[in-house]
Amino acid sequence: MPDSAPRFETAAIRTQAPRSAAREHAVPLFLTSSFVFDDAEQARALFAEEISGAVYSRYSNPNTDEFVQKLCLLEGGQDGIATASGMAAVYASMAALVTSGDHIVASRALFGSTHQILTRLMPRWGVSHTYVDTGDMSAWDAALRPETRLLFVETPSNPGLDLVDLGYLGALATARGIPLIVDNCFTTPYLQRPIAFGASLVVHSATKWMDGQGRVLGGAIVGDATLVAEARFFARHTGPALSPFNAWVLSKSLETLAVRMDRHCSNALAVAQRFEGHTALEQVRYPFLASHPQHALARRQMAQGGGIVVLVLRGGYDRCRRFIDALQLCSHSPNLGDTRTIVTHPTSTTHSKLTEAERQAVGIVPGLVRISVGLEHLDDIIGDIEQALAASS
Ligand SMILES: *Cc1c(COP(=O)(O)O)cnc(C)c1O
């Protein structure tokens, strides 16, 4: 970043929609579906895209613009669009770039709905895919075909916490001229910036750590201006617009992203260290534990280990069921990235639509529970997990 560019925390707080005549300090909420034109000539020029400016909130709105502008600064992207959810961002980023006959190469360990898009929806429109196991980088070269139009990865993956080597893949994508899209939901730009490794686009579920307080859905696509223009055309005409209210919440939330992520990460690392080797557990997975198979890679491409810890309980689903039902503080919910610690059992909930073989291929065993470590007092989080493990035996 050049010296003149604002630093992360400052950009997150001081990027702001232009002040109105009311001279407000915090940004107001622009609940308006459309905008008025000064004169007929301005309307013509706006629709001809000769000048830029707000027209209609499906295209843009001061609140969504502010959120996107901030995110572009934080991710190092040239341009971006905001979407109604993370899945709208994932879908629009792919659908805007592919056409019938194209092929997508993706990491096998993907968010459940992203997997459904690739396996159930894209084939309807003649778009095929190949999955690559994240640990084996040479398999990426082998999977590429002349008709491969994009690479799509998630790192660390949800919920297995498998990593993809962004440096390797960014260089491969650049050399072959194929856009690399990275779902950066689990890290946020505070911990990992895929564009610096050669990614063309970053997609986000802002619902998670960006909101960070479990209130609103939202998503975004940021990155290369030419590809974002394709995504903007797609979104403008298909309508997955982020609501101004959600954009207002999300932009405000980004102001505290750095301090929240620092605490999520330090709490998560402490939970992982505390329970590694516990007799009730087969395994504890966390990217910044030395026992993680890709620990060195995690240190290279992530600033900290993130807020998710995976516990694999001895005794499979029955043990997990007793563990979850014994929790007194932690919430049992499918969400993650909240101030509240949330425990999820992927096999029976978020990843239940996958086949047993598909789950096994990405390490989602019946004993696996995902813990989104929150911001409660660390001793209370550890105490609750400890007592629930004891009660589940
Ligand atoms: C939650 C999630 C999504 C989907 O985001 P929504 O906002 O729920 O649509 C996509 N990718 C990852 C990695 C996620 O965790």
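Some points to look at:
- Taking every residue in the range 202-213 that is under 18 Å from residue 155 (Cβ atoms) and among the basic types (Lys, Arg) and pairing it with any residue that is part of a loop (DSSP other than H, G, I, E, B) and within 9 Å of the ligand (Cβ to nearest atom), at least 6 positions away or on another chain, the pairs with Cβ-Cβ distances below 8 Å are 208/185; 208/186; 208/335; 208/336; 208/337.
- Only one entry of 143, 196, 171 meets the criterion of being surrounded by fewer than 24 Cβ atoms within 10 Å (Cβ to Cβ), under 17 Å from the mean Cα position of the chain (by Cα) and in the same structural domain as residue 118 (by TED's automatic domain parsing), and that entry is 196.
- Residues that are farther than 15 Å from residue 247 by Cβ and at pLDDT below 95 within the range 26-45 are absent altogether.
- Residue within the range 362-374 that is surrounded by 15 or more Cβ atoms within 10 Å (Cβ to Cβ) and polar (S, T, N, Q) present: yes
- Odd one out for residue 115, checked against (1) within 22 Å of residue 204 (Cα to Cα); (2) at pLDDT 95 or above; (3) out of contact with any strand residue (DSSP E or B) (no Cβ under 8 Å at 6 or more places or on another chain): (2)
- Identity of the residue in the range 155-188, more than 11 Å from the ligand (Cβ to nearest atom), part of a loop (DSSP other than H, G, I, E, B) and touching a residue at least 24 places away in the same chain (Cβ under 8 Å), that ends up nearest to residue 260 (Cα to Cα): 161
- The range 118-140, residues that are part of a loop (DSSP other than H, G, I, E, B), surrounded by 15 or more Cβ atoms within 10 Å (Cβ to Cβ) and at pLDDT 95 or above: 127
- Any pair with Cβ under 7 angstrom, 6 or more apart, that starts in the range 102-117 at a residue that is among the polar types (S, T, N, Q) and ends at one that is more than 10 Å from the ligand (Cβ to nearest atom): 107/132; 107/134; 107/153; 107/164; 116/353
- Hits in the range 189-206 - residues which are of a type outside the set (D, E, K, R), more than 14 Å from the ligand (Cβ to nearest atom) and in a loop (DSSP other than H, G, I, E, B): 198, 199, 200
- If the condition is being more than 24 Å from the chain's Cα centre (by Cα) and in contact (Cβ under 8 Å) with a residue 40 or more places away in the chain, then the range 351-380 contributes 366, 367, 378, 380.
- Filter pass, residue 99 being closer than 25 Å to residue 149 by Cβ, among the β-branched types (Val, Ile, Thr) and away from the ligand (no atom under 16 Å from the Cβ): yes
- Check on residue 160, surrounded by 18 or more Cβ atoms within 10 Å (Cβ to Cβ), over 18 Å from residue 304 (Cβ atoms) and modelled with pLDDT under 95: yes
- Across the range 102-119, the qualifying residues are those that are more than 16 Å from the ligand (Cβ to nearest atom) and not β-branched (Val, Ile, Thr), and the one among them that is farthest from residue 180 (Cα to Cα) is 102.
The values are calculated or read from the model by the stated rules, or taken from the named source; none is laboratory data. Treat the numbers as computed from the prediction; the structure is a model and nothing was measured. Cβ: placed from backbone, ideal geometry, glycine included. Neighbour counts: every protein chain shown.
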